[in-house]
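The structure appears below as structure tokens.
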Amino acid sequence: MNDGFSLTVGRAVLRLTLGDLTEVAADALVNAANSRLAGGGGVDGALHRAGGPAIAEECRRIRAERGGCPPGEAVLTTAGRLKARGLIHTVGPVWRGGQAGEDEVLRRAYQNSLRLAVAHGLRTVAFPSISTGAYGFPVARAARVALRALLDFLASPEGQSLAEVQLVLHTPEDYAVYRSALAELSGQRPLP
Ligand code: APR
């Protein structure tokens, strides 16, 4: 885990780091889940393994009660043994070529995750790069959508109780893509 790059937005810090989300300490970690909340590979599998069976148990209960979590929405469970008070499960879009509303669903996944955090008094939140693994969303486009959504939320009245939002990128390549997208969106040049 490096210290990454950070930017102040409103009252909060937006931070990009290179690392493993399962090792991050925050009030809430965000999982890139599927609609059935059934677990899987990627960051979902890693978070369930690190957090223990209490997470899947609560996911099963939510699935039984309300059928899961539609794309673009988010639900909160225990974080089990993870270093967090809660685990937010959100579902990104499956990439279908870019004309099927994927950008909007991805934007809502970030926005609704932060809304849920705020509603539960969770002030520091760490995300993975949603949809850019098994779901096939191109990373450069996803980075722009994700960062725009996070910057907009942090600048809005709704976002003022948040202290830090972190994007934890798993590879140096993804980190570089997010870093230059953030430079572009915030009008700054990336550091050499
Ligand atoms: N920490 C941070 N990021 C990680 C980690 C980790 N430990 N492990 C994987 N990643 C990164 C991947 O490199 C990718 O950039 O998370 C990003 C998202 O990839 P996926 O986990 O495949 O998520 P997604 O594309 O949203 O697909 C969701 O995959 O695991 C299943 O159940 C999940 O069906 C759902 C689908």
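The values are calculated or read from the model by the stated rules, or taken from the named source; none is laboratory data. Since the model is a prediction, treat every value here as computed from it, not as a measurement. No Cβ is skipped: glycine too gets one built from the backbone with ideal geometry, and neighbour counts run over all protein chains shown. All accessible areas refer to the heavy atoms of the entire protein, side chains included, with ligands and DNA or RNA removed. Shrake-Rupley method; radii C 1.70, N 1.55, O 1.52, S 1.80 Å.
With the dipole of the stretch 134-191 worked out from charges on the C-beta (+1 for Lys and Arg, -1 for Asp and Glu) around the Cα centre, which of Val177, Ala146, Tyr135 lies farthest toward the positive end?
Val177
For the chain, what is the calculated [θ] at 222 nm in deg cm²/dmol (nearest 500), taking -39500 (n - 2.57) for each run of four or more DSSP H residues and dividing by its residue count?
Working: 5 runs with 73 residues, N = 192.
Rounded to the nearest 500, the figure is -12500 deg cm²/dmol.
Under 1.5 on a/c is rounded, so check that first for the stretch 2-186, then, if it is not, pick prolate when a/b is larger than b/c and oblate when it is not; a ≥ b ≥ c are the square roots of the alpha carbon gyration tensor eigenvalues. The partial results should precede the final answer.
Numbers: a/c = 1.41, a/b = 1.23, b/c = 1.15.
Here the stretch 2-186 falls in the rounded category.
If you average the C-alpha positions of the stretch 15-67 and of the stretch 82-140 separately, how far apart do those two centres end up, in angstrom?
12
Tell me which residues come under 5 Å, amide H to amide H, from Gly52 once H is placed; ignore anything under 5 positions away on its chain.
Long-range HN contacts for Gly52: Arg81.
Enumerate the calculated ³J(HN,Hα) couplings along the stretch 76-93 in order (Karplus 6.51 cos²θ - 1.76 cosθ + 1.60, θ = phi - 60°), each rounded to whole Hz, writing x wherever the residue is Gly or Pro.
10, 10, 4, 9, x, 8, 5, 7, 8, 7, x, 10, 9, 9, 10, 10, x, x
So what J values fall out for the stretch 48-58 if you push phi through Karplus, 6.51 cos²θ - 1.76 cosθ + 1.60 with θ = phi - 60°, rounded to Hz, Gly and Pro as x?
Per-residue couplings from phi come out as 5, 4, 6, x, x, x, 4, 5, 5, 4, 5 Hz.
With +1 on each Lys and Arg Cβ and -1 on each Asp and Glu Cβ, how big is the dipole of the chain about its Cα centre, in debye rounded to the nearest 20? Provide the component values of the computation, followed by the final result.
Details: 21 positive and 18 negative charges, 47 e Å.
Computed about the Cα centre, the dipole is about 220 debye.
Using modelled backbone amide H atoms (1.01 Å from N, in-plane), which distant-in-sequence or interchain residues come within less than 5 Å of Leu18's amide H?
Here the answer is Asn2, Gly4, Leu169, since their amide H atoms fall under 5 Å of that of Leu18.
Suppose accessible area is computed on protein heavy atoms with a 1.4 Å probe; arrange Arg61, Arg148, Arg49 from highest to lowest.
Arg49, Arg61, Arg148
Would you mind calculating the gained length between Glu164 and Leu185 on full extension (0.36 nm times residue separation, minus the Cα-Cα distance), in nm to one decimal?
5.7 nm
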